[in-house]
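The values are calculated or read from the model by the stated rules, or taken from the named source; none is laboratory data. Worth saying up front: this structure is predicted, and the values here are computed from it rather than measured. Neighbour counts are summed over all protein chains in view; Cβ atoms, including those assigned to glycine, are modelled from backbone coordinates with ideal geometry. Note: areas computed on protein heavy atoms with side chains; ligands, DNA, RNA excluded. Shrake-Rupley method; radii C 1.70, N 1.55, O 1.52, S 1.80 Å.
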Amino acid sequence: MRLAYWNILILFVVFFGLPVHSYSQEGEEALAVQYFQNGEFEKAAPIFEKLFTTTPTPRLYTYYFDCLMKLPDYKKAEKVVGKQIKRNPNDSRFLVDLGYVYQQSGDENAARKQFDLAFKQVVETRQSYLDLSNAFLLRGQTDYAIKVLQKGKKVIVYETPLNFELADVYLKSGDFTSALNEYLELLENSNEYLVDIENRLQDILSVDPDHSLNDQFKMELLGRLKKNPDKTRFSELLLWYFIQQKDFDAAFIQAKSLDKRLGEEGARVYNLGQLAVSNESYDAAISCFDYIIALGSDNSYWLSARVDLMDARYLKITNSLTYTQEDLNKLESEYKDALSSLGKQPQTLPLIRNLAHLEAFYLNDIPQAKTLLNDAIGLAGAKPISVAQCKIELADILLMTGEPWEATLLYSQVEKAFKNDPIGAQAKFKNAKLSFYIGEFEWARAQLDVLKAATSKLIANDAMQLALLISDNTDADSSMTALSIYARADLLLFMGKTDLALATLDSVNMLGMYHPLFDEVLYKEAEIYIKKKDFAMAMTLFKKLYEFYPQDILADDALFQMANLDEKVLNQKEEAMNYYKELFTNYPGSVFAVDARLRFRILRGDKVAP
């Protein structure tokens, strides 16, 4: 068989002109590499020696040299490196290898002489400094690697600076302080590298369990900002940092300062306000929009800020756990005043839509809500996507009032008109959720499977969670009895029938000693008690869920809700701190981890603003 194989190979070479020597060398090298990877250096070394003698490439040199050092055969390694030094007198990397041979053989003084000689003789080009630094790193000589790059920084002044590379070496050695100084030095001389610095710092500061690196960074940055008040790029970096930390109150101060200094006419502050809203930092958002409005009606962001200000106030109240009827009535009055002042026009459709939601879901004035939305849908000049948003809102109200078929028609209209748009995906999800409510689980799951690939991350995540809820809680006999009860209770909650929803959920617990849906039931019951403002009962249920199902997908949700209740409602600050700490310690990958860490530090009394 082996003879036949070589006969075929020879015929292949004859007809196609493949060099036998090349094939043989590649085969030998592959065999030597395999020996090397298996730790059989005594077998690999002679093959690499043969190959390197005929073809002295850098790759073969590295393998051959490493084999000799592993054996160890320091004498032969010294000879091999010596020949490379003669062949490449301007390449200081081989001096490092020679020093490494001496060091490994126990002659530290001889090693230092070679390392120093390499440092002294390096060719003054950017690439030579990088190559030599990497050679030192390869041989475990971090201090020399740093010295080389420091020398290069002084010599290579008209090319791309070496600060990033030097910072990388500092980070590998655990010296964050020096790495940070390299970044800030680079920024002090130019704002060209601001985005690169932000990206690198994000990777570092996001993995900082005790927050010590974050504190050090902020202190050092504030010091640079004080020394260089004219260099706005330090303010830019500080603004970026506060946004990363979701400290939007501090970010507003920075953004406002930059806006005034750079004459940006509110652009940066307006964008920050929108970002603050999306992160549920409503007070900071309100401050941003108030600032824009104060610039006057001639400002290009003035009308948008008026609309977004009401949106922020609306979300602040409706997302609060302790809002009162008086709060709702005042909000309604503010909406009506804003619409009276600004008029019903395409730009104010968000005001109309939110007022309609307020009337329907909080003030129980369904006829008024429907009138508002029907007028908005028929408004001349309105953008199609704004009309679609109003249709979705109207469909929600129809579903809430027990008109699912009329609701699904509106959802379907939006889905069909915006097939490749996030709002189309939102309408499709609403239709899938409606199918879930009425017990059509297979149809719902089919729609959700499509939505898992939605471009909107929020919709894709919601679809995945609902699909998982259906698949994880299908009974063995496929009857889906418990899931049907849960879905019906979820719909009752959506319709505002909290007591009936609770009674329906209770019937799930009567189905047996255990069901995989029990944790979902606990969480849903806790949500209902929050809606009823029975916070003590909600806390009891969240605790029960967390204690019984600590590995469940809802465990970190329950923990965050417990901390939130203790902090904002029950006034148990120490308990809240403990829960927040437990969350970001035990569930570092949770979507709540960053918020939990920030809330913990604020409750602890840390100064998180400048």
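A quick yes/no check of all residues on (1) loosely packed, with under 15 Cβ neighbours inside 10 Å; (2) within 29 Å of the chain's Cα centre (by Cα); (3) under 23 Å from Leu493 (Cα atoms); (4) of a type in the set (A, V, I, L, M):
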site: Ala356; (1), (2), (3), (4): no, no, yes, yes
site: Leu363; (1), (2), (3), (4): no, no, yes, yes
site: Pro367; (1), (2), (3), (4): yes, no, yes, no
site: Gln389; (1), (2), (3), (4): no, yes, yes, no
site: Thr408; (1), (2), (3), (4): no, no, yes, no
site: Ala432; (1), (2), (3), (4): no, yes, yes, yes
site: Glu442; (1), (2), (3), (4): yes, no, yes, no
site: Val450; (1), (2), (3), (4): yes, yes, no, yes
Exercise for review: List the number of the failed condition for Lys533; all other conditions in (1) more than 24 Å from the chain's Cα centre (by Cα); (2) closer than 19 Å to Thr322 by Cα; (3) in a helix (DSSP H, G or I) hold.
Suggested key: (3)
Check your understanding: Considering Leu372, Leu398, which residue is crowded, with 17+ Cβ neighbours inside 10 Å, farther than 17 Å from Leu349 by Cα and among the aliphatic types (A, V, I, L, M)?
Key -> Leu398
Review point. Can you name the condition, by its number, that Asp208 falls short on among (1) outside any helix (DSSP H, G or I); (2) within 28 Å of Arg604 (Cβ to Cβ); (3) open to solvent by 70 Å² or more (accessible area, probe 1.4 Å)?
Key: (3)
Practice item. With the condition kept exactly as written, say whether any residue in segment 159-168 is assigned to a helix (DSSP H, G or I), over 30 Å from Leu295 (Cβ atoms), open to solvent by 70 Å² or more (accessible area, probe 1.4 Å) and touching a helix residue (DSSP H, G or I) at 6+ places or on another chain (Cβ under 8 Å). Key: no
Check your understanding: If you go through segment 311-322, how many residues are open to solvent by less than 30 Å² (accessible area, probe 1.4 Å) and either farther than 30 Å from Leu570 by Cβ or of a type in the set (Val, Ile, Thr) (or both)?
Key -> 1
Review point. Quick check, is Asn214 in contact with a Leu (Cβ under 8 Å, 6 or more places away or on another chain) and surrounded by 15 or more Cβ atoms within 10 Å (Cβ to Cβ)?
Key: yes
Practice item. Examine segment 287-304 for a residue that is surrounded by fewer than 16 Cβ atoms within 10 Å (Cβ to Cβ), within 27 Å of Ala596 (Cα to Cα), under 29 Å from the mean Cα position of the chain (by Cα) and free of Cβ contacts under 8 Å to residues at least 24 places away in the same chain, and state whether such a residue exists. Key: no
Study note, to complete from the structure: For segment 569-610, the count of residues that are at pLDDT 90 or above, in a helix (DSSP H, G or I) and of a type outside the set (A, V, I, L, M, F, W, C) equals 10
**Study point:** Qualifying positions in segment 42-65 - in a helix (DSSP H, G or I) and open to solvent by 40 Å² or more (accessible area, probe 1.4 Å)
**Key:** Glu42, Lys43, Pro46, Glu49, Lys50, Thr53, Thr54, Pro58, Arg59, Thr62, Tyr63
Exercise for review: State yes or no: is Ala305 part of a helix (DSSP H, G or I) and more than 22 Å from Glu567 (Cβ to Cβ)?
Suggested key: yes
Review point. Which ones in segment 549-580 are open to solvent by 40 Å² or more (accessible area, probe 1.4 Å) and under 15 Å from Lys524 (Cβ atoms)?
Key: Tyr549, Asp552, Ile553, Gln561
Review point. Which residues, taken from segment 139-176, are over 17 Å from Gln127 (Cβ atoms), within 30 Å of the chain's Cα centre (by Cα) and hydrophobic (A, V, I, L, M, F, W, C)?
Key: Ala167, Leu171, Phe176
Revision key, fill the gap. Among the residues of segment 220-252, the number that are out of contact with any Ser or Thr (no Cβ under 7 Å at 6 or more places or on another chain) and more than 18 Å from Arg601 (Cβ to Cβ) is 16
